Amino acid sequence: MYCDIHTHTVPVSLSGKIYILNRIAGKDKDRTPGSYFSCGIHPWFLNELDNQKEILQQQVGDPLCVAIGEAGLDKNATTCLTFQKDIFHFQAVLAERYNKPLIIHCVKAWQEILEVYKEIKPHVPWIIHGFRGSKELAAQLLSHGFYLSFGKYFNPETIHMIPADRLLLETDDKDIPIETVYQGLIDELQADPSSFISQIRENVRNIFSI
């Protein structure tokens, strides 16, 4: 069973897969019936959408909504960082209230993410999606309890020091099958394919209860 914890498109083939479809509150109107999804307020779209908080609070109660996000901070976005932090904090609190993991988008704002983490002291998992950072940054995040999700591109040095039970995989917005992502990490780690696939499945079960 292959698990894709963050994708923007429904896989062409659904056989043997669990996937979590990313939705942006107020922007993505539809989803595939019966599919697991995450829903969040992305920092790129904070100035474009109305009633995002209300929409998100309506959607998060859906039993098929298994995570909040992607939420986060992005210093390349046009929205001011203070407003981004307010919305991120709101989503982090919402994740605690509904006991759902938080999927995080972060660009050049690691210290600010950690500040919010230390303030909230979350009980739910915080997952950095599409992680490509250094092993030093990974070590810092892991020390605080974060999970790291990897896609098609990753830092080879980093992937070798990630504990097996903190590792997740995703396709994000890439038009590739999740099997391709798995194979890239299996090749880099020289891992046993069956054991690797089983470990990721166990991680997804433990984090998302699916």
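Give me the Kirkwood hydrodynamic radius of the chain in Å, from all C-alpha pairs, to one decimal place?
On the way: mean 1/r = 0.0582 Å⁻¹.
Evaluated over the chain, this radius sits at 17.2 Å.
The lysines within cross-link reach of K17, meaning a Cα-to-Cα straight distance under 19 Å and a gap of 8 or more places when in the same chain, are K152, K174. For the stretch 10-149, the share of accessible area belonging to carbon and sulfur comes to 50 percent (1.4 Å probe, ligands and nucleic acids excluded). Of the listed residues C106, C65, the order by accessible area with a 1.4 Å probe, largest first, is C106, C65. For N47 and Q140, a Förster radius of 35 Å and the Cβ-Cβ distance give a FRET efficiency of 0.70, rounded to the nearest 0.05.
In this simple spin-label model, placing a label point 7 Å from the Cα along the Cα-to-Cβ direction at both S209 and K121 gives a separation of 2.3 nm.
Karplus-based coupling profile of the stretch 36-45, in residue order and whole Hz: 5, 8, 10, 9, x, 10, 7, x, 6, 10, with θ = phi - 60° in 6.51 cos²θ - 1.76 cosθ + 1.60 and x standing for Gly or Pro.
Residues whose amide H falls under 5 Å from that of V107, counting only those 5 or more places apart or on a different chain, are L73, D74, K75, with hydrogens built in the peptide plane.
For the stretch 195-210, list residues with backbone N below 14 Å from a point placed 7 Å from the Cα of I186 toward its Cβ? The answer is 195-201, whose backbone nitrogens lie closer than 14 Å to the label point.
Comparing N22, N51, N76, which has the greatest mean-square fluctuation in the GNM of the chain with Cα pairs linked when under 10 Å apart? Of the options given, N51 has the highest mean-square fluctuation.
Excluding ligands, DNA and RNA, the accessible surface per residue across the chain is 47 Å² with a 1.4 Å probe.
At 1.4 Å probe size, put E170, E112, E119, E202 in order of accessible surface, largest to smallest. Don't skip to the answer; put the middle values down first.
Details: E170 0, E112 30, E119 120, E202 75 Å².
Result, largest first: E119, E202, E112, E170.
Figure note: L189, L94 ranked by solvent-accessible area, largest first, 1.4 Å probe, ligands and nucleic acids not counted: L189, L94. In this structure the amide hydrogen of D4, modeled in the peptide plane, comes within under 5 Å of the amide hydrogens of I18, Y19, I20, none closer than 5 places in sequence on its chain.
The values are calculated or read from the model by the stated rules, or taken from the named source; none is laboratory data. Everything numeric here is computed off the predicted structure, so don't read it as measured data. Virtual Cβ from ideal backbone geometry, glycine too; neighbours counted across all protein chains shown. Accessible surface areas use protein heavy atoms only, side chains included; no ligands, DNA or RNA. Shrake-Rupley method; radii C 1.70, N 1.55, O 1.52, S 1.80 Å.
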